[in-house]
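Visitor: Below is one structure. I have some questions about it.
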Amino acid sequence: MTAKRFKNPRAEHGYQGRPCSILSVGSYVPERVLTNAELEKTVETSDEWITSRTGIKERRVAAENEFTSDMAAIAAQRAMQAAGIKPEQIDLIIVATITPDMLFPSTACLVQQKIGARRAAAFDIEAACSGFIYALEIGKQFITSRTYDTVLIIGAEKLSTIVDWKDRNTCVLFGDGAGAVILQSRPGSHGLLTACMGADGEKSDLLYMPGGGSMCPATANSVAAGLHFLRMDGKETFKNAVTAMCNAAGEALRRCELTIAQIKCVIPHQANKRIIEAVGERLGVREDQVFVNLDRYGNTSAASVAIALDEAVRTGVIQRGDLVLLVVFGAGLTWAAAVIEW
Ligand code: ACO
């Protein structure tokens, strides 16, 4: 029945790979809630400004001794539990993050150890807020090509460590958390139908962190200059986000010969309610089709869509067989959209 609802782009060019589905999803957010009211006490801002400009009411902040890999491991364990997957079954772990525990080894290797997935290969990818869909599409290739049977994809961030808590332009926007999915080929499901990914390095200066890499290694001077904090041109980022998300979503739908009305649930990157509304308006999305939880978590970058997907599944918003559109945007610049038959 589902085959008649949409075109499966995988079938194009005679490609015979097997389908790849999201078997299960899990997420974790730290206990500590940081409200707008608390931020009013530390920077010159107001709950009214933050709510009206972003839609964010509160965000989660990880404990000092709670790292990206810890949050990632809990989200992964929850996804594994939901699908009845044992750690030894996992063939590959991909972690999308811009806040790895360390520059190396990869956070994926640390997660591998924490969840006991001894057989798994492991690596990180970095595409900022677009990282989860990028990772999903990479993981899918290993399933469709039959290289691996079980792939664990995680988006996890401890953005509180790269935010300048004295900069009101940025500190009100971000939060910590992790989301994870298990990929397998599930009989009877088309799963991940398509993903459109893009990047524009010409605009890398809109959102970046200058310090800590090979260009500007950490020194007393770099730290004193605050180069280890993220920097953002909010207005330009906003404009580019709307255009790129609309284009990517439109292209993904076109590839599947779907209209937006056929999508049960749109899960956009949870950066700013106004970006989500602008994208929704241009795509013709009904309000009841969009899943939003940024009021409680802020922008958790690579974790954002994964956490939202978990909530949408757990609350019954998404049921098996539903068509889901994920659409993201982030530093790089990068963007991506994916259509999934859940
Ligand atoms: N509280 C009060 N005032 C503030 C605050 C604050 N927290 N932050 C900024 N302001 C002030 C500024 O200082 C500025 O004041 P000025 O005009 O006197 O200089 C003014 O508010 C700016 O206001 P607007 O121009 O109206 O701000 P805007 O509507 O552009 O909203 C925002 C700013 C929320 C940052 C918006 O531009 C935005 O969301 N941009 C996209 C950001 C984003 O999504 N980034 C993540 C990308 S994903 C990734 O890869 C991490």
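Just so you know, all these numbers are worked out from the coordinates, no wet-lab data involved. Keep in mind it's a predicted model, so treat the numbers as computed, not measured. Please note: Cβ atoms are built from the backbone with ideal geometry, for glycine as well, and neighbour counts cover all protein chains shown.
Visitor: Starting from one equal scatterer on each C-alpha and no solvent at all, send me the Debye-based log10 I(q)/I(0) for the chain at q = 0.08, 0.09, 0.12 Å⁻¹, two decimals.
Guide: Reported log10 I(q)/I(0), two decimals: -0.35, -0.44, -0.80.
Visitor: Turning to a different aspect of this structure: Give the order of Tyr134, Tyr297 when sorted by the count of other beta carbons within 10 angstrom, beginning with the fewest.
Guide: Tyr297, Tyr134
Visitor: Let me ask something else about it. Report the far tail of the P(r) of region 9-189, meaning the percent of Cα-Cα pairs longer than 23 Å.
Guide: Within region 9-189, distances greater than 23 Å cover 46 percent of Cα pairs.
Visitor: How many nm separate the modelled label positions at Asn169 and Ser204, each set 7 Å beyond the Cα in the direction of the Cβ?
Guide: Inter-label distance under the simple model: 2.1 nm.
Visitor: Another question about this same structure. Among Thr243, Thr97, Thr315, which one shows the biggest mean-square fluctuation in a GNM of the chain, springs joining Cα atoms closer than 10 Å?
Guide: Thr315
Visitor: With n ≥ 4 as the cut-off for DSSP H runs, can you work out [θ] at 222 nm for the chain, using -39500 (n - 2.57) per run divided by the number of residues, rounded to the nearest 500?
Guide: Values: 12 runs with 113 residues, N = 342.
Computed mean residue ellipticity for the chain: -9500 deg cm²/dmol.
Visitor: While we're on this one: Can you give the translational diffusion coefficient of region 143-185 in µm²/s, computed by Stokes-Einstein from the Kirkwood radius over Cα pairs at 37 °C and 0.692 mPa s?
Guide: Stokes-Einstein gives a translational diffusion coefficient of 254 µm²/s.
Visitor: Let me ask another. Using the Kirkwood radius over Cα pairs, work out the Stokes-Einstein diffusion coefficient for region 24-84 at 25 °C and 0.890 mPa s, in µm²/s as a whole number.
Guide: 182 µm²/s
Visitor: Only Cα pairs under 8 Å and at least 6 apart count here; give the relative contact order of region 193-341 as a rounded whole percent.
Guide: That works out to 36 percent.
Visitor: What size of dipole, in debye to the nearest 20, comes out for region 9-189 about its Cα centre when the only charges are +1 on Lys and Arg C-beta atoms and -1 on Asp and Glu C-beta atoms? Working shown, then result.
Guide: Details: 19 positive and 22 negative charges, 160 e Å.
With only Lys, Arg, Asp and Glu charged at Cβ, the dipole is about 760 debye.
Visitor: Pull out the extension gain between Lys239 and Arg186, defined as 0.36 nm times the separation in residues minus the alpha carbon to alpha carbon distance; nm, one decimal.
Guide: This chain segment gains 15.2 nm when fully extended.
Visitor: If the only charges are +1 at each Lys and Arg Cβ and -1 at each Asp and Glu Cβ, what is the size of the charge dipole of the chain around the Cα centre, to the nearest 20 debye?
Guide: 1060 debye
Visitor: Counting other C-beta atoms within 10 Å, and keeping those with at most 15, which DSSP coil GluC sites (Glu not before Pro) do you find in region 249-325?
Guide: Qualifying residues, ordered by number: Glu257.
Visitor: Given q = 0.08, 0.10, 0.17, 0.18 Å⁻¹, what are the Debye log10 I(q)/I(0) values for region 194-342, with equal point scatterers placed on the Cα positions and solvent ignored?
Guide: -0.25, -0.39, -0.93, -1.02
Visitor: Using a Förster radius of 35 Å, what is the FRET efficiency between Glu48 and Arg231 based on their Cβ-Cβ separation? Nearest 0.05, please.
Guide: Using R0 = 35 Å, I get an efficiency of 0.85.
Visitor: A follow-up question, please. Past the 23 Å Cα-Cα mark, which pairs from Lys114/Lys158; Lys166/Lys235; Lys86/Lys158?
Guide: On the way: Lys114/Lys158 17 Å; Lys166/Lys235 20 Å; Lys86/Lys158 26 Å.
From the list (Lys114/Lys158; Lys166/Lys235; Lys86/Lys158), the Cα-Cα distance tops 23 Å for Lys86/Lys158.
Visitor: Pulled fully out, how much extra length does the chain show between Glu64 and Asn221, if you take 0.36 nm times their separation in residues and subtract their Cα-Cα distance?
Guide: Stretched fully, the Glu64-Asn221 segment lengthens by 54.1 nm.
Visitor: On a full-extension model of 0.36 nm per residue, what is the gain between Lys7 and Arg274, subtracting their alpha-carbon distance, rounded to one decimal in nm?
Guide: Gain on stretching Lys7 to Arg274: 93.0 nm.
Visitor: Kindly provide the trypsin sites (Lys or Arg not before Pro) of region 284-339 that DSSP labels as loop, not H, G, I, E or B, and whose Cβ sees at most 13 other Cβ atoms within 10 Å.
Guide: Arg286, Arg320
Visitor: About the Cα centre, and with charges only on the beta carbon of Lys, Arg (+1) and Asp, Glu (-1), how big is the dipole of region 193-341? Nearest 20 debye, please.
Guide: 100 debye
Visitor: Further, regarding this structure: Using 7 Å Cα-to-Cβ label points, what is the Arg282/Arg118 separation (nm, one decimal)?
Guide: That separation, rounded to one decimal, is 5.1 nm.
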